[in-house]
Amino acid sequence: MRKKKSPVPVAAGLLAAAVLVGIGGFALNRYAPTGEHMDKMEYYGLTDESQAALVVDDQVLESRGIVENGSIYVDYRTAWDYFNSGFYWDAAQGQLMLTLPAGTSTWRADDGTGAVILGEDGTPYISAECIRENSDIDMEIYQDPQRIVARTRWEGLTPMTVTRDAQVRYRGGPKSEILTQVSEGDTVVFLEDLDGWTRVSTADGYVGYMQSEDLTEGSGEAFSHTTEERFLFQGAASGVEGKINMGFHYIGSQDHNETLSQVIASAQGMNVIAPTWFSLQDSQGTLLSYGDRAYVDQAHSAGLRVWAVIGDVNGTDVSTGEVLADTAKRTYIVQQLMQIAAETGLDGINVDFESIREETAPQYLQFLKELCAAAHAQGLVVSADNFVPLYTKYYKRREQAKTVDYIVIMGYDEHTASSEEIGSVASLPFVEQGITDTLEEVPKEKVINAIPFYTRAWTEVFGEAVPQSEALGMDEAAAFAAEHGIVTSWDGAVGQNVGSAESGEARYSIWLEDERSIEEKMKLIQKYDLAGAAQWRLGFERASVWPIIDQYLQ
């Protein structure tokens, strides 16, 4: 008789198989890619179909567009910040303006074009079609959900080619929801590497993650762009051979013009002089002018071009922003400048508005455009002075560079008279960061770096919280050091001779601007192959600095 098999091993086998199946299923479930798609409205943060997503330069903006009569509209400030800083909203006239070399276009909410509408609170909105047709950008408008996808910058992008049909996921990892599908041969923008996953931006406006194995390096021509001629301000020839070497000449009265021969006597290699001739005299835009034909003739005889300065650091209480906000006043300022330039024989205008704030930046840019349109027609060079970008990113240097001939970096005032901590006027790291930050927005051929001929001498009175300071020329600074027994030594980290000393009442400190510090700054100008150098201000220097400056501009 056959012996019966025990049921225990069979049961155990079945149990083991079940466990293996369970483990396999768990592993499969844990590591298998999810096929779940993310809700597109949720991804873009849209609450309903009256809103539209805005994607600019591979960034999904927090701001939303609105949908009216089948068109997408963008509020003016977002349009100015991200799409086209050339637009200007003239609130007083209730019109949108765009100044190009061919002239100024205007749109109103009631002109029947639909280019501009007003929100319930009076906020102006610009249609996507108007932005696209009047901007130097690439833009597509998509449905489901409604969104604008735009590109305003093409340099520095890394294209990647999709090697097989694949998914773009919300986050890195197979369990993250799918944002969109891409096909073999598609081009995406590389943004970031992440351990087997790559953060990318797709052509239709999704920023997410792909498996790195599904990507390969793309063609460098994938994001080429050619600016249309109608957007290009052609500019004016500088009239200078080689690099610009510009000295700022402080003119505080008509009589100061007579100091020209004195300040240029030892200025070897200087080829442009910038007298501080113009300032706003009143809130109507009337200019205070020290313009002088004899000054220009004398400068020309000495081989110098003259770029007269219009500035707002003359101590008046006129609000530059308020004046520039008025179209009629801007026009008046430009007309005065052009008339005086013609009468005196000027070669250019230098704009030194230092009181511009973020809220007044749009009218400042509009003024530069209107000035350049008139000045270039008259053959005048236009340059604009900018603090280092660390403090003034809202100056929109990229937009300025489309219009003006030169951007002048004011590579000084690292510490000012109002600083609560003592320090250098222009340490080497400060100067270099100003240059590199500017070059991210402005081509080197348009960048002039201004260096200080002055030193700030510091006095810290014991028992007082705020230090005192005074701006001194090179010889005066050396005299200050000698008077207070300061022995200076070279500090390579800041690129200056530095020292301090104490008396019974105070501590005295100084970071000298001298021949050696000037040379270190000139090495940076040469290193980055800038358009040239400028100096604030003539009369503060020693004659021995000029051969050094000239050497590095050859």
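The values are calculated or read from the model by the stated rules, or taken from the named source; none is laboratory data. Because the structure is predicted, anything quoted here is derived from the model rather than measured. In this analysis, Cβ positions are derived from the backbone assuming ideal geometry, glycine residues included, and neighbour counts consider all displayed protein chains. Surface accessibility is based on the protein's heavy atoms, side chains included, excluding ligands, DNA and RNA. Shrake-Rupley method; radii C 1.70, N 1.55, O 1.52, S 1.80 Å.
Of 149, 270, 203, whose Cα points farthest to the positive end of the dipole of the chain (charges on the beta-carbon: +1 Lys, Arg; -1 Asp, Glu; origin at the Cα centre)?
203
My understanding is that a pair violates if its Cα-Cα distance is over 21 Å; which of 329/446; 396/444; 402/521; 243/527; 393/521; 396/521 do that in this structure?
Long pairs (Cα-Cα over 21 Å): 329/446; 402/521; 393/521; 396/521.
Taking a temperature of 10 °C and a viscosity of 1.306 mPa s, what whole-number D in µm²/s does Stokes-Einstein yield for the chain with Rh from Kirkwood over alpha carbon pairs?
58 µm²/s
If the viscosity is 1.567 mPa s and the temperature 4 °C, what Stokes-Einstein diffusion coefficient in µm²/s follows for the stretch 381-455 when Rh is the Kirkwood radius over Cα pairs?
The estimated diffusion coefficient comes to 102 µm²/s.
On full extension of the chain, what length is gained from residue 113 through residue 212, given 0.36 nm per residue of separation minus the C-alpha to C-alpha distance?
31.0 nm
Expressed in nm to one decimal, what extension gain is obtained for the pair residue 204 and residue 241 from 0.36 nm per residue of sequence separation less their Cα-Cα distance?
Value of the extension gain: 8.6 nm.
Pairwise over distinct Cα atoms, reciprocal of the mean inverse distance: report the Kirkwood radius of the stretch 29-152 in Å, one decimal place.
15.6 Å
Starting from the Cα-Cα distance between residue 505 and residue 464, subtract it from 0.36 nm times their residue separation and give me the gain in nm to one decimal.
13.7 nm
What aspartates and glutamates sit close enough to residue 175 to cross-link, taking a C-alpha to C-alpha distance under 13 Å and skipping anything fewer than 8 places away on the same chain?
List returned: 36.
Please give the peptides 410-419, 395-404 ranked by average Cβ packing (other Cβ atoms within 10 Å per residue), highest first, as a rough proxy for protection.
395-404, 410-419
With each pseudo-label sitting 7 Å past Cα toward Cβ, what's the residue 184-residue 67 distance in nm, one decimal?
3.5 nm
Compute the whole-percent fraction of alpha carbon pairs in the stretch 340-485 spaced more than 22 Å apart.
Roughly 50 percent, rounded to a whole number.
Quick one, what does Rg over Rh come out to for the stretch 93-245 if you take C-alpha atoms and the Kirkwood Rh?
For the stretch 93-245, the value is 1.11.
Under the Kirkwood approximation applied to all pairs of distinct alpha-carbon atoms, what is the hydrodynamic radius of the stretch 307-418 in Å?
Here the Kirkwood hydrodynamic radius works out to 14.5 Å.
Simple spin-label model, 7 Å along Cα-to-Cβ: residue 322 to residue 297 in nm?
For the pair residue 322/residue 297, the computed spacing is 4.1 nm.
Which whole-number percentage describes the relative contact order of the chain, with Cα contacts under 8 Å and a sequence gap of 6 or more?
So the answer I get is 10 percent.
Which residues in the stretch 114-140 place their backbone N less than 13 Å from a point set 7 Å from the Cα of residue 50 along the Cα-to-Cβ direction?
Of the residues in the stretch 114-140, 119-121 have backbone N under 13 Å from the label point off residue 50.
How big is the charge dipole of the chain about its Cα centre, in debye rounded to the nearest 20, if each Lys and Arg gets +1 on its Cβ and each Asp and Glu gets -1 on its Cβ?
It works out to roughly 2360 debye.
Any idea of residue 195's accessible area? Nearest 10 Å², probe 1.4 Å.
Accessible area of residue 195: about 150 Å².
On average, how much area does the Cα convex hull of the stretch 172-252 cover when viewed from any direction, in nm²?
Convex hull of Cα atoms, orientation-averaged projection: 12.2 nm².
How long is the stretch 201-357 along each principal axis, judged by its Cα atoms, biggest number first, in Å?
73, 40, 28
Would you please state which residues of the stretch 272-300 a label at residue 313 would reach in this model, taking the label point 7 Å out along Cα→Cβ and a backbone N cut-off of under 13 Å?
276-277
Please work out the ratio of the alpha-carbon Rg of the stretch 100-163 to 2.2 N^0.38 Å and round it to two decimals.
1.49
Among all the aspartates and glutamates, which ones have a C-alpha under 13 Å from residue 523's C-alpha, if same-chain residues fewer than 8 places away are not counted?
Those aspartates and glutamates meeting the cut-off are 432, 515, 550.
What percentage of all Cα-Cα pairs in the stretch 428-515 are separated by more than 14 Å?
68 percent
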